[in-house]
Each structure stands twice: as structure tokens, then as C-alpha cells.
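Quick notes on the structure that follows.
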Amino acid sequence: MTKINKLIERMRANPNAVRFNDLAKVCEHFFGPPRQTGSHKVYKTLWKDDPRVNIQDKKGKAKPYQVKQVLSAIEKLREVEK
């Protein structure tokens with residue numbers, strides 16, 4: 001299992017305890033480099049209906065609802081690639 005896959009499994013198991021830097025690594029792996037605006041990192045996706053993933057740092061942790069959004073976006077991306 002790759003390092004990214006291990007991070008994804010940890011994110012699924014406990015979205016409340018994800019470090020922001022780990023979430024950013026996963027996002028960069030799947031969506032490329034971010035467009036950064038202040039405290040937010042915005043990643044582009046391939047689809048038109050919701051073309052971005054937005055994450056922000058909260059004292060070194062990722063916000064749980066954003067972790068869930070990233071996981072959903074990764075699943076959608078994997079579906080599109082099939």
C-alpha cells in the first residue's frame with residue numbers, strides 16, 4: 001500500500017484527526033498544485049458541476065467536513081477514470 005493510500009485509509013477511519021499537511025499532500029497527489037488565497041488552498045478538479053476542492057488549516061488540523069469532501073472528490077475522480 002502506498003503512502004497516499006495509507007493516508008486515505010486514515011482519513012476514512014477518523015476524519016476528525018487529520019493533519020492539514022497530510023490532507024494537502026493527498027490533494028496535491030490527485031488534483032495537482034493548489035491555488036492559494038490566504039489561509040485557503042484551492043485545488044481544481046476535472047468535472048464542471050463543482051470544479052474545485054477547498055481546504056483550510058485550523059491550528060494544524062484539517063476541518064472534518066473538508067476531509068469528507070476530499071474523500072468524495074477522490075471517489076468521483078476514480079469513477080471518472082474508469
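If I filter the stretch 1-20 down to residues being touching a residue at least 24 places away in the same chain (Cβ under 8 Å) and assigned to a helix (DSSP H, G or I), which single residue comes out as surrounded by the fewest Cβ atoms within 10 Å (Cβ to Cβ)? Give the derivation first.
Initial filter on the stretch 1-20 (touching a residue at least 24 places away in the same chain (Cβ under 8 Å)): 4, 8, 11-12, 15-20.
Going one step further and asking which of them are assigned to a helix (DSSP H, G or I), we end up with 4, 8, 11-12, 15-17, 20.
Values: I4: 15, I8: 19, M11: 21, R12: 12, P15: 19, N16: 9, A17: 12, F20: 19.
So the residue we want is N16.
Please count how many residues of the stretch 1-43 are charged (D, E, K, R), closer than 19 Å to R78 by Cβ and more than 11 Å from the chain's Cα centre (by Cα). The total comes to 5. Filtering the stretch 44-65 to residues that are more than 17 Å from I4 (Cα to Cα) and touching a strand residue (DSSP E or B) at 6+ places or on another chain (Cβ under 7 Å) leaves K44, T45, P51, R52, V53, N54, I55, Q56, G60, K61, K63.
List the strands (runs of 3 or more DSSP E) inside the stretch 34-82, counting only whole elements, that have at least 2 residues being surrounded by 12 or more Cβ atoms within 10 Å (Cβ to Cβ). Give the steps one after another, and end with the answer.
Numbers: elements: 35-37, 40-44, 52-58.
Result: 40-44, 52-58.
Only the coordinates and a few stated rules stand behind these numbers; no lab work does. For clarity, every value in this text was computed on a predicted model and none was experimentally measured. Cβ sites come from the backbone with ideal geometry, for glycine too, and all protein chains shown count toward neighbours.
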